[in-house]
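Below: the structure, in structure tokens.
The values are calculated or read from the model by the stated rules, or taken from the named source; none is laboratory data. All values reported here derive from a predicted model rather than from experimental measurement. We place every Cβ from the backbone using ideal geometry, glycine too, and count neighbours over all the protein chains shown. Heavy atoms of the whole protein, side chains included, go into the accessibility calculation; ligands, DNA and RNA do not. Shrake-Rupley method; radii C 1.70, N 1.55, O 1.52, S 1.80 Å.
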Amino acid sequence: MFQAPRGTQDILPEDAAYWLFVERTARDWAARYGYGEIRTPTFEETGLFLRGVGDSTDIVEKEMYTFQDKGGGELTLRPEGTAPIVRAYIEHGMASRPQPVRLFSFVNCFRYDRPQRGRYREFHQWDCEAIGEIDPLVDAELIILLWRVYQALGLRDLTLQLNSIGDARCRPAYLERLREYYRPLVATVCPDCRRRYETNPLRLLDCKNAACQAAIAGAPRLLDYLCAECAEHFAALRAYLADADLPVEINPRLVRGLDYYTKTVFEVWPAEAGAQSALGGGGRYDGLVEQLGGRPTPAIGFATGIERIILNLKAQSIEPPLLPGPRVYVAHLGDRPRREAMRLADALRQQGVPTLVAVGGRSMRAQLRHANALGAPWVVVIGEDELARGVVQVKNMRGGESVELAPQAAVERLAAGG
Ligand code: AMP
């Protein structure tokens, strides 16, 4: 027996209502903020992620699905959505469009991670990116968009974790200070942190290992080392977010798993758990476009996991709008009635009415039971007798009564709601 590969999931029809609810809400709000949809390939040249995500990140070090295709190309299933979108921005000369270019995408992502609740090897993100503008107003709008979508979905008890991690001007001095601070502590921290101390010291701050928490608590804060430009940017952003009534928590320990971030970083956390269960997050990446071969271009983006949103909707007992089931079930007995059933069903569907025709050779009783099990509120019954008289029976499964109508009249009546 085959099973879905570890860390992947089938999304069954009963879950589709959740997926559509999230996707429709996200699309609706993206349009209100002027974001247009982009779709990029599922795989890219491996080099894009080495360059774009950073080679000392967990993603690049341990998690990428990388393979060689039959032509010898080095390819990787996308582990995230930003680098491909930036690649497309550069490739299609979007710098010559009105800036910022605001883009969203629904992407499936692949990371070879340890599967657990809310953490999968294939998962789905809603990604938004605003490329080509440094104004903190853009940061604020992007974050507010994400927040409004969570609100529109009905999610409660979320917090917005916000930090600034500076830029190429102020961060190097801070990292020096951080290394100095950690020098006498290196022997006490976990093996991962010993490595981070050498390769990616900022990531020391978001280690989850209990042994490292004391060191983190005493570490110098990047917020105290921001240059004037980064500090002003951060202050302006905070003011916009306060005006929008977002419950912001400044979190000086918040750094993100990807190397490309500058200035603004943020995550949205559910009430009960920490960063391991972040619903979404993102930040500014003013260096990435240039790093991928474009002209220096500021940008900001976020990604939010669809599976995690749905887990939280379910945990908070939020029901998505019901998807329409069949409205009409056409029951029939005999060869000619079966053909009339097909004709009538086709007419109903052309009028927009979701309709099923009984299949196989079931008895009329079995057909009515079937209609009931499928939850169809209306059944049309066609037998030889009805056919001979030029009528069909239209039966209301909720109220029980039935009426006889000419087929065309039945179609009109059912198309008008029954
Ligand atoms: P990241 O690109 O790591 O910042 O992730 C952005 C969002 O994607 C997270 O906040 C999660 O909602 C979701 N996410 C990241 N990794 C996974 C995963 N392995 N499984 C499910 N969702 C994930």
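Remarks
- Counting only Cα atoms, the chain measures 94, 50, 45 Å along its principal axes, largest extent leading.
- Mean Cα-pair separation over length for the stretch 125-232, i.e. relative contact order, pairs under 8 Å, 6 or more apart, %: 30
- As a length-normalised measure over Cα pairs under 8 Å and 6 or more apart, the relative contact order of the chain settles at 16 percent.
- Accessible area of the chain belonging to carbon and sulfur atoms, whole % at 1.4 Å probe: 51
- Solvent exposure of the chain as accessible area per residue, Å², 1.4 Å probe: 48
- Local electrostatic count, Gly93, Cβ distance below 15 Å [Lys/Arg +1, Asp/Glu -1]: +2
- Label-to-label distance for Arg339 and Ala239 is 7.8 nm, based on points extended 7 Å past Cα in the beta-carbon direction.
- 0 to 90° range, to nearest 10: angle between helix 306-315 axis and the chain longest Cα axis: 70
- Label-point separation, His92 to Gln351 (7 Å along Cα→Cβ), nm: 4.2
- Dipole axis of the chain (+1 Lys, Arg; -1 Asp, Glu on Cβ), positive-most option in Tyr182, Trp29, Ile318: Ile318
- Centre separation in Å (Cα based) which lies between the stretch 134-202 and the stretch 12-38: 28
- Computed over the stretch 328-415, relative contact order equals 33 percent, with contacts defined as Cα pairs under 8 Å that lie 6+ residues apart.
- Residues of type lysines that Lys62 reaches as a straight line, Cα spacing below 28 Å, ignoring anything fewer than 8 places off in the same chain: Lys70, Lys208, Lys263
- Charged-residue dipole, Cβ positions (Lys, Arg, Asp, Glu), the chain about Cα centre, Debye nearest 20: 880
- Degrees separating the helix 13-32 axis from the principal Cα axis of the chain, which is the longest one: 60
- Stretch gain in nm, segment Ala214-Met397, where the contour uses 0.36 nm per residue and the Cα spacing is subtracted: 59.3 nm
- Packing order of peptides 304-312, 333-341, 31-39, highest average first: 304-312, 333-341, 31-39 (average count of other Cβ atoms within 10 Å over each peptide's residues).
- Model label points for Met364 and Gln9, set 7 angstrom from Cα along the Cα-to-Cβ axis, are 4.6 nm apart.
- Length added when fully stretched, Asp206-Glu74, from 0.36 nm per residue minus Cα-Cα: 44.4 nm
- Mean ellipticity per residue at 222 nm, deg cm²/dmol - from DSSP H runs of n ≥ 4 across the chain, formula -39500 (n - 2.57): -11000 deg cm²/dmol
- Ordering of 226-234, 103-111 by packing [mean C-beta count within 10 Å, highest first]: 103-111, 226-234
- Using alpha-carbon coordinates, inclination of helix 335-350 to the longest axis of the chain, degrees: 40
- Ordering of 143-152, 55-64 by packing is 143-152, 55-64, highest average first (other Cβ atoms within 10 Å, averaged per residue).
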